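Asks: Below is a structure I'd like to ask you about.
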Amino acid sequence: MRYVIGCDVGSQGTNAALYAEDGTLVTSQYVTHQLSFPAPGWAEQDAGEWVGAITTSVAALVRAAPDPAAIRGLSFGSQLDGMVLVDEDARPLRPAMIWMDRRAEEQAAAVAGRVDRAEFYRLSGTNLDSSHAVFKALWVRDHEREVFDRARLFLSPGAFVVQAVSGEAIVDYSNASSTALLDPRTRDWSEPLLEATGIDADRLPALAAATAPAGTVTADFAAATGLAADTVVAVGCGDEMAATLGAGVFQEGEVCDVVGTAEPVCAASTEPRVDPTMLVECHPHADPDAWLLENPGFVSGGNLRWWRDHFAPEEMARERLGEGDAYDLLVGEAGGVPPGADGLVFLPCMQGAMAPEWNGAARGAFCGLSLAHSRAHMTRAVLEGSAFALRDILEAMRGAGLAVRRITMVGGGAKSALWRRIKADVTGLPVRIPANVETTAAGAAILAAVGSGVLGGVSEAVATFVRHRPEEDEPDPANGELYERAYARYRDTYFALRQTFA
C-alpha cells in the first residue's frame, strides 16, 4: 500500500491529511496560523509560519503512517489572492498580504484608468478588484519601494510553499489566475496585463499544471519531517479548486457550493467562458482539462453565526450544558416556517455584496417585517437569503453558456438538512454532500497521487478518493413555485436599496 499527503494551507491554519492509495483517510493533523491586522483593511501573515505548520503537521503524519517509506507524494491546496515578495534566496521580504487584505484600492483604480474593466475581465477572466494579488504587489511598489526593488519573485501563497518544500519556483494555473495576470484561455501570462500593471514576467514563477511534479522534497524538509528524499511534490492548486476537486466536482455543469463563513460557488466547465454580467470569474481548474466559473463568495455561514451569537442565548446556553448544538436548535424552529418566510426577506450583504452584483457598499437587511413574524421566520429568512444569492450566481453561470445540473455542498453549512432542502427548492437542482468533509486536503491528496504516479489521472483519482452520501435532496416543485415569488422579492429589495447603500 502506498500513501500520499494533501495539505490544506488556509488563512486559519494548515490541515494535512494522509491517504492510502485506495482513497482511505488514514489520519490528519491541524496546526493553526496567526493573523495580523495592522491597519483597517489590512490582513497579513508570516509566510514562514505556513512552512512551519506544514513541517509540523507532515512530520506528525509520517510518525503515524503504517509505513512511512511508502509515502510517495505530497501536494497543496493553498489560499488564493495572496502576495509574497521573496528575495534571491526565496526569503520573504515582508509579511504576506493575504486574500482579505483590501489596502490596494488606489492601485486597482489606477489600473482601471488604463484598462477598461470589461477588457480587463476579458483578458484575465477576473474582475478588476483590489482583492487580486497583483494590486497588492503594486501597493508595495508605491509604499515600500525598496522592498519592491529587492524582490526577485512575486509569489502566491501556493507557489511560496511549493518552493519552500521542493526548492522550485513554480505555480499552477489556478494560483497564477488569482494574481489577475493570467490569460485563462492560453494558460500563460497575459502580455497586455503585464504591460498595464508594469510587472516583469521574469519576476513571476514558471507555470505548470496542478498535477505536474515540481520535483522532490528538499533535503532539509526530508530531514525535518522524516519523508523519504525521493518523495514527489506535485505543484498543487488554490484551495477553492482543491475543495471542488475533493468534492468530486470536475465534470461539466457540476457545481460546488462551499458553505463556510463565506460561500464561494464554483462550477466545472470543459472550456473557458465569459459571464456578460461579470458576476462570476473564470479560472483554470485543478484538473488540467477543465476550468471553473467561480464567485469568490458572499458572507453566508458568517451571517448565521452572527444571528446565533446575538439572538440565540438560550440555545447557546443549552449547548454549553450538553443539550444539543445551538445551530441545530436555532435552525430546527425555522423548519416550521413556510417557504418564503411569509414575505420576509433577508439580504446576505453583511460585509458587502458578491451577489446579485459585486458591491462593497451593500449591507445586510431584513425587509417586510410585521407583527406576525417571529424569530423562526427571521432564521429561515437568513437561510433563504444565502440560497437566493446562490441562485444569482447559478443564473450568471447559465448566462455564460454553462448548463448547471447538480450542486455538491461542502463545509459546515452542508450539515444542515433544512438548508440543503431550501437550496434545492430555490435553485431547482438536486443537492448532494460528500462522505468526507475535508475536501480541500482530499483534493490536494488527489493531485499528489496523480503527480507522484500512484494513480494514472484525475478521473481515476477522483473515483478512488471521493464518495458521496447516497441520498440527494431533490427540489420540490410546489416549494419551487413559492420560491419563484420569494426570489423576485429578494431581487426587488436589493435593487430598491442600492441607492441607499451608496
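The values are calculated or read from the model by the stated rules, or taken from the named source; none is laboratory data. Everything numeric in this text was worked out from a predicted model, so none of it was measured. All Cβ positions, even for glycine, are placed from backbone atoms using ideal geometry, and neighbour counts span all protein chains on display. Keep in mind that these areas ignore ligands, DNA and RNA; they rest on the heavy atoms of the full protein, side chains included. Shrake-Rupley method; radii C 1.70, N 1.55, O 1.52, S 1.80 Å.
Asks: If the only charges are +1 at each Lys and Arg Cβ and -1 at each Asp and Glu Cβ, what is the size of the charge dipole of the chain around the Cα centre, to the nearest 20 debye?
Replies: Result for the chain is approximately 680 debye, rounded to the nearest 20.
Asks: Something else now. Run the simple label-point estimate for Phe311 and Asp202 please: 7 Å along Cα→C-beta, distance reported in nm.
Replies: Computed distance between label sites Phe311 and Asp202 equals 5.9 nm.
Asks: Give me a comma-separated list of calculated 3J(HN,Hα) values for the stretch 42-59, in order, Karplus coefficients 6.51, -1.76, 1.60 applied at θ = phi - 60°, integers in Hz, x for any Gly or Pro.
Replies: Each residue of the stretch 42-59 in turn: 9, 8, 10, 9, 7, 4, x, 5, 4, 5, x, 5, 4, 4, 5, 5, 5, 4 Hz.
Asks: Pulled fully out, how much extra length does the chain show between Phe501 and Glu357, if you take 0.36 nm times their separation in residues and subtract their Cα-Cα distance?
Replies: That works out to 50.5 nm of additional length.
Asks: Okay, next question. Counting only helical runs of four or more DSSP H residues, what would the 222 nm mean residue ellipticity of the chain come to if each run contributes -39,500 (n - 2.57) and the total is spread over all its residues?
Replies: When only DSSP H runs of four or more count, the value is -12000 deg cm²/dmol.
Asks: Need the C-alpha centroid separation for the stretch 446-502 versus the stretch 1-68, integer Å.
Replies: Between the Cα centre of the stretch 446-502 and that of the stretch 1-68, the gap is 26 Å.
Asks: Quick one: putting +1 on the C-beta of Lys and Arg, -1 on the C-beta of Asp and Glu, what dipole do you get for the stretch 1-144 around its Cα centre, in Debye to the nearest 20?
Replies: Roughly 160 debye for the stretch 1-144.
Asks: When you count, for each residue, the other Cβ atoms within 10 Å and take the mean per peptide, how do 229-240, 160-171 rank with the highest first?
Replies: Taking the mean over residues of other Cβ atoms within 10 Å, the ranking is 229-240, 160-171.
Asks: May I ask which residue of Ala109, Ser78, Gly368 lies farthest towards the positive end of the charge dipole of the chain, with charges of +1 (Lys, Arg) and -1 (Asp, Glu) on Cβ and the Cα centre as origin?
Replies: Among Ala109, Ser78, Gly368, the one farthest towards the positive end of the dipole of the chain is Gly368.
Asks: Under the rule of at least 5 residues apart or a separate chain, name every residue whose amide H is placed under 5 Å from the amide H of Asn436.
Replies: The list, which skips near neighbours in sequence, is Arg467.
Asks: Now, a different point. Please calculate how many Å² of accessible area the chain carries per residue, with a 1.4 Å probe and no DNA, RNA or ligand atoms counted.
Replies: Solvent-accessible surface per residue comes out at 37 Å².
Asks: Determine the share of the chain's accessible area contributed by carbon and sulfur atoms, expressed in whole percent, with a 1.4 angstrom probe.
Replies: Carbon and sulfur atoms account for 50 percent of the accessible area of the chain.
Asks: Using modelled backbone amide H atoms (1.01 Å from N, in-plane), which distant-in-sequence or interchain residues come within less than 5 Å of Gly215's amide H?
Replies: It is Val233, by chain and number.
Asks: Quick one: which residues, 5 or more positions from Gly352 or on another chain, have an amide H under 5 Å from its amide H? H modelled 1.01 Å from N in the peptide plane, none for Pro or chain starts.
Replies: Gly364
Asks: Less than 15 Å Cβ to Cβ from Met316, Lys/Arg counted +1 and Asp/Glu -1: what total charge do the surrounding residues give?
Replies: After counting each charged neighbour, the total is -3.
Asks: Go through Ser386, Val249, Ala209 and say which Cα lies farthest out towards the positive end of the charge dipole of the chain; charges sit on Cβ, +1 for Lys and Arg, -1 for Asp and Glu.
Replies: Going by the Cα projections, it comes out as Ser386.
Asks: Asp22: net charge of surrounding residues, Cβ under 15 Å, Lys/Arg +1, Asp/Glu -1, itself excluded?
Replies: 0
Asks: Further, regarding this structure: Would you mind putting 204-217, 99-112 in packing order, based on average other-beta-carbon counts within 10 Å, highest first?
Replies: Ranking the peptides 204-217, 99-112 by packing returns 204-217, 99-112.
Asks: Can you give the net charge of the other residues whose Cβ lies under 11 Å from the Cβ of Tyr121, counting K and R as +1 and D and E as -1?
Replies: So the surrounding residues net to -3.
Asks: Order of 357-370, 274-287, 298-311 by packing, highest average Cβ count within 10 Å first?
Replies: The peptides rank, most packed first, as 274-287, 298-311, 357-370.
Asks: So what is the relative contact order for the chain, in percent, with contacts set as C-alpha pairs under 8 Å and at least six apart?
Replies: 16
Asks: I've got another one for you. With an 8 Å cut-off on Cα pairs and a minimum separation of 6 or more residues, tell me the relative contact order of the stretch 383-487 in percent.
Replies: Relative contact order, the stretch 383-487: 31 percent.
Asks: Further, regarding this structure: Would you indicate which of (1) 4, 20, 29, 27, 15, 4, 0; (2) 4, 16, 21, 19, 16, 9, 4, 3, 2, 2, 2, 1, 1, 0, 0; (3) 3, 12, 13, 10, 8, 6, 5, 5, 5, 5, 7, 8, 6, 4, 1, 0, 0 is the value of P(r) over Cα pairs in 10 Å bins from 0, in percent derived from the coordinates of this structure?
Replies: Only one option fits the structure, namely (1).
Asks: Calculate how steeply helix 301-311 sits against the longest principal axis of the alpha-carbon atoms of the chain, using the helix alpha-carbon long axis, and give the answer as 0 to 90 degrees to the nearest 10.
Replies: Taking Cα atoms only, the helix is inclined about 50 degrees.
Asks: Only residues of the stretch 408-432 count here: report those whose backbone N is under 16 Å from the spot 7 Å along Cα→Cβ of Thr277, or say none.
Replies: The answer is 426-428, whose backbone nitrogens lie closer than 16 Å to the label point.
Asks: Could you grab the relative contact order for the stretch 169-280? Cα pairs under 8 Å, six or more apart, rounded to a whole percent.
Replies: 21
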